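Trainee: Please read through the structure below; I'll follow up with questions.
Values quoted throughout were computed directly from the atomic coordinates according to the rules given, and no laboratory measurement underlies them. From a predicted model like this one, the values you see are computed outputs, not experimental measurements. In this analysis, Cβ positions are derived from the backbone assuming ideal geometry, glycine residues included, and neighbour counts consider all displayed protein chains.
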Amino acid sequence: MIFQLDDLRFTFNETLTRFTSEVMMRFSDDRHLLRLSRIIDRKWRRSRALPGLLSLALVTSLVSAPTVPAQAEVKHEFGVEQPQRGAAWWMDEPTGDVAHAIGPGGSANPNADLVFSGGATFGEPGDLGAEWDDLAIRLNGSAQFAEVKPWTDAEGKTVTLVDTSQRFMFSTRVRLASVQGDHVAASQAASDGTVFELGWLNDRWTFRHRKADGTVLTSVTRDMAQAGDGQPWSAHWVSLMGGYNPSAQEIWLRTQAEGSVEVCDPEAPWLCSNVRVMAPEIKAATTTWTPVPGSGPLIVGATPAAAGRSAFWNGWVDESQLWSLARTDEAILNVIYSERAKPESATKTPRD
Ligand SMILES: [Ca+2]
């Protein structure tokens with residue numbers, strides 16, 4: 001008897017550590033339909049998110065099929081198309097003033113290199129800590145920032161790194177040295193003079209869209225004035241992902257930080273619970289942002305102002321990435337985040 005695969009369905013949980021596999025098979029007599037369903041927990045290998053493809057491989061055992069030998073092992077390999085990464089900066093250069101960019105294919109992309117001004121300090125411990133050879137860049141909050149200036153393509157057209165007429169997501173790992181004042185981690189203007197800004201604004205982690213004169217058009221914030229352990233945000237590295245989706249007419253912000261602390265009830269000290277520094281959260285707001293192309297440089301560590309730059313970042317910046325993703329690509333956002341969470345094993349996760 002021949003059977004043909006009718007449907008193969010995988011339903012993943014948020015962190016991609018567990019999924020339900022459902023297999024529907026139709027037998028050649030056309031009367032028997034077999035449905036197999038299993039919950040699989042960490043029995044699959046997740047490859048690194050390769051540019052353009054999130055590839056997965058798994059092995060499932062089919063049991064109790066009438067015409068299939070029990071415990072027959074079937075290997076499925078499949079790929080899920082995903083948008084490409086536009087650029088990434090690991091900021092692991094020990095010295096100098098350039099954070100080199102990796103392009104969509106994983107190779108160097110000098111057009112997207114971040115060039116720092118004002119004597120930023122390279123070679124500081126990164127978000128993974130010095131023991132992982134991870135380095136970050138320290139900005140002083142008064143004059144230092146970096147830019148990816150527009151370049152000219154082969155057809156003579158000016159190209160900005162972030163095309164603000166399209167869906168985009170800018171991801172960065174940051175740590176403040178001071179929570180006083182406004183600090184922009186990343187920004188870029190659009191050709192209508194409006195600006196997107198990701199950073200620490202009005203005492204909150206924020207992704208917003210504003211006019212050239214500073215009027216805020218749309219803003220999304222993480223409503224945590226301090227970390228879940230009661231410390232100021234200068235005590236922790238934070239992951240910020242800010243995005244724009246023209247088809248959904250929204251801007252969105254994903255925030256998360258590692259760590260937790262045990263907090264006990266002062267009235268009943270035997271009642272304790274673990275409080276996370278910052279559990280992941282995605283928030284969105286409807287925007288009337290007109291999708292127009294980008295204009296001027298992508299700026300890391302400041303925002304464009306009439307006279308030059310303002311809201312300088314005071315603290316550290318580390319791994320940053322630009323992707324064409326929406327907040328609904330949550331599973332992929334989680335993969336991007338967890339790639340930089342401290343590995344459990346002693347081996348450092350290799351990077352592109
Ligand atoms: Ca780094």
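Trainee: Tell me, rounded to the nearest percent, the portion of alpha carbon pairs in the stretch 97-145 spaced more than 12 Å apart.
Mentor: Summing the P(r) of the stretch 97-145 above 12 Å gives 67 percent of all pairs.
Trainee: Shape verdict for the stretch 85-338, please, from the Cα gyration tensor: rounded (a/c under 1.5), prolate (a/b greater than b/c) or oblate.
Mentor: Working: a/c = 1.68, a/b = 1.39, b/c = 1.21.
Since a/c reaches 1.5 and a/b is larger than b/c, the shape of the stretch 85-338 is classed as prolate.
Trainee: Which whole-number percent is the relative contact order of the stretch 93-248 (Cα, under 8 Å, 6+ apart)?
Mentor: Details: 277 pairs, mean separation 26.4, N = 156.
In percent, rounded to a whole number, it is 17.
Trainee: Would you tally the net charge around Val220, using a Cβ to Cβ cut-off of less than 12 Å, leaving Val220 out, and scoring K and R as +1, D and E as -1?
Mentor: Working: positive: Arg204, Arg208, Arg222, Arg254, Lys283, Arg327; negative: Glu197, Asp223, Glu250, Glu281.
With Lys, Arg at +1 and Asp, Glu at -1, the net is +2.
Trainee: Further question on the same structure: Based on C-alpha coordinates, I'd like the Rg and Dmax of the stretch 92-197, in Å.
Mentor: Final numbers for Rg and Dmax: 15.3, 46 Å.
Trainee: log10 I(q)/I(0), Debye, Cα-only the stretch 253-301, no solvent, q = 0.17, 0.26 Å⁻¹?
Mentor: Log-scaled intensity ratios, in q order: -0.78, -0.99.
Trainee: Where the Cα atoms of the stretch 167-252 are projected onto their three principal axes, how long is each span, largest first, in whole Å?
Mentor: 39, 25, 18
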